[in-house]
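Trainee: Let me give you the structure first, and then I'll get to my questions.
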Amino acid sequence: MTARPRRVLYVGRLVEKKGGELLIRAMARVQEAVPGAELVMAGDGPLAARFRALAAQERVAVQFLGSVSSEEVKRQIDTARVFCLRASRPRTAMPKACPSPSSKPSRAACRW
């Protein structure tokens, strides 16, 4: 079995709340510590040009794929060593499907 390339994959919109800027800045550190590491960003959005400029400024090796098909996403996942998905949110944010955490039904349904 061949080892996967040292590739981190991000799939999603290139918008602020998805954390692309943070990922690019983090990859600058990763690439210092892990020679040959690369970042692949699949997706498009209003911050695409800003992210490209940041990657150039930080000297981060990033392959921007733009919008891709579901089949291409699957292929990229199969070749990546790490799949990066933002898991944080502002402390004041709440799931859109859940009402206030003080509401008993929503607490049970959303596991507050």
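The values are calculated or read from the model by the stated rules, or taken from the named source; none is laboratory data. Please read these numbers as outputs of a predicted model, since none were measured by experiment. Note that we place each Cβ from the backbone using ideal geometry, even for glycine, and neighbour counts take in every protein chain shown.
Trainee: Can you give me the number of residues within the range 33-84 that are touching a residue at least 60 places away in the same chain (Cβ under 8 Å) and either under 13 Å from Arg7 (Cα atoms) or of a type in the set (D, E, K, R) (or both)?
Mentor: Start the filter on the range 33-84 by keeping residues that are touching a residue at least 60 places away in the same chain (Cβ under 8 Å), which leaves 73, 76-77, 79-84.
Subset that is either under 13 Å from Arg7 (Cα atoms) or of a type in the set (D, E, K, R) (or both): 76-77, 79-84.
So the count comes out to 8.
Trainee: Give the range 61-79 a look and list any residue that's part of a loop (DSSP other than H, G, I, E, B) and modelled with pLDDT of 95 or more, or say none.
Mentor: Scanning the range 61-79 gives Ser67, Val68, Ser69.
Trainee: Same structure again: So if I check each of Val34, Val60, which one is over 13 Å from the mean Cα position of the chain (by Cα) and surrounded by 15 or more Cβ atoms within 10 Å (Cβ to Cβ)? Give the steps one after another, and end with the answer.
Mentor: Numbers: Val34 fails: surrounded by 15 or more Cβ atoms within 10 Å (Cβ to Cβ).
Going through Val34, Val60 in turn, just one is over 13 Å from the mean Cα position of the chain (by Cα) and surrounded by 15 or more Cβ atoms within 10 Å (Cβ to Cβ): Val60.
Trainee: Quick check on the range 13-31. Is at least one of its residues at pLDDT 95 or above and in a strand (DSSP E or B)?
Mentor: Looking through the range 13-31, none of the residues is at pLDDT 95 or above and in a strand (DSSP E or B).
Trainee: Could you tell me how many of the residues in the range 2-23 are surrounded by 13 or more Cβ atoms within 10 Å (Cβ to Cβ), more than 13 Å from Val62 (Cα to Cα) and basic (Lys, Arg)?
Mentor: 2
Trainee: On to the next question. Could you list, in sequence order, the residues of the range 1-12 that are under 12 Å from the mean Cα position of the chain (by Cα) and not in a strand (DSSP E or B)?
Mentor: Matches in the range 1-12: Gly12 only.
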